[in-house]
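Let me begin by presenting the structure, written as structure tokens, before commenting on it.
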Amino acid sequence: ADFRFGIPMTWAAGPWQTKFGYYHISSHVGDEYLIANPGFQRVNYVRDSLLFGIGYFATESVRLYGETAWAFHHSVAEPWEFQFGAEYSPPIVAGRRGMPFAAANVQLFEEQDFGGSLNVMAGWQWRSEISNRLLRIGMQYFNGKSSQFAFYNQSEQLIGFGIWLDQ
């Protein structure tokens with residue numbers, strides 16, 4: 001089980017967005033896994049980090065972003081983490097026909113020699129005219145180091161289908 005707790009603060013002005021905050025990650029392998037795999041070397045992955053990020057709407061539909069985090073307290077984890085990506089999500093209310101969306105994110109951790117991971121999503125979205133909520137369906141592809149930090153040095157490749165509701 002991975003636990004993430006954080007206190008992000010965000011600001012936006014015009015096409016620019018900024019984020020500053022703190023987060024804690026703690027990763028623990030469950031007892032059932034340890035019993036079934038007695039040779040598994042348990043790791044105590046912990047990171048307490050300060051983060052800073054910038055986002056920019058290059059167009060009304062395209063957002064670019066980057067983020068860095070520095071862990072002032074860590075175990076197994078190393079201090080630096082970088083993340084960047086791009087999103088395409090038209091703000092248009094298109095009624096029942098909807099609109100396409102796409103996103104790509106790269107995340108790099110120092111303890112993985114900055115090898116990191118790639119996450120790509122694409123599909124179709126419907127935006128509510130009343131609440132501005134966003135319903136999306138689509139495919140997701142992940143290739144890189146495990147997002148379960150007890151297995152931080154193992155590589156994974158995932159393909160999935162999702163339904164997302166953005167409030």
Relative contact order %, the chain, counting alpha carbon pairs below 8 Å whose residues are six or more apart: 15 percent
Quick check on the chain: take the gyration tensor over C-alpha atoms, sort the square-rooted eigenvalues as a ≥ b ≥ c, and tell me if it's rounded (a/c under 1.5), prolate or oblate. prolate
Compute the Cα gyration tensor for the range 6-101, then decide on rounded, prolate or oblate, letting a ≥ b ≥ c be the square roots of its eigenvalues: rounded whenever a/c is under 1.5, prolate when a/b is larger than b/c in the other cases, and oblate in all that remain. oblate
I'd like to know how the range 69-130 sits against the 2.2 N^0.38 Å rule of thumb: what's its Cα Rg over that expected value? 1.64
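With a 1.4 Å probe and every protein chain kept in, tell me what percent of the accessible surface of the range 117-167 is carbon plus sulfur. Don't jump to the answer; show the numbers that get you there.
On the way: 1900 of 3340 Å².
The nonpolar share, carbon plus sulfur, comes to 57 percent.
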Per residue solvent-accessible surface (Å²) - the range 27-133, probe of 1.4 Å: 57 Å²
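Which value in Å is the Kirkwood Rh of the range 56-103 over different Cα pairs? Walk me through the numbers before you get to the answer.
Values: mean 1/r = 0.0748 Å⁻¹.
It is 13.4 Å.
The values are calculated or read from the model by the stated rules, or taken from the named source; none is laboratory data. Predicted, not measured: the structure shown is a model, and the values here were computed from it. Just the protein is used for accessible areas: all its heavy atoms, side chains included, with ligands, DNA and RNA removed. Shrake-Rupley method; radii C 1.70, N 1.55, O 1.52, S 1.80 Å.
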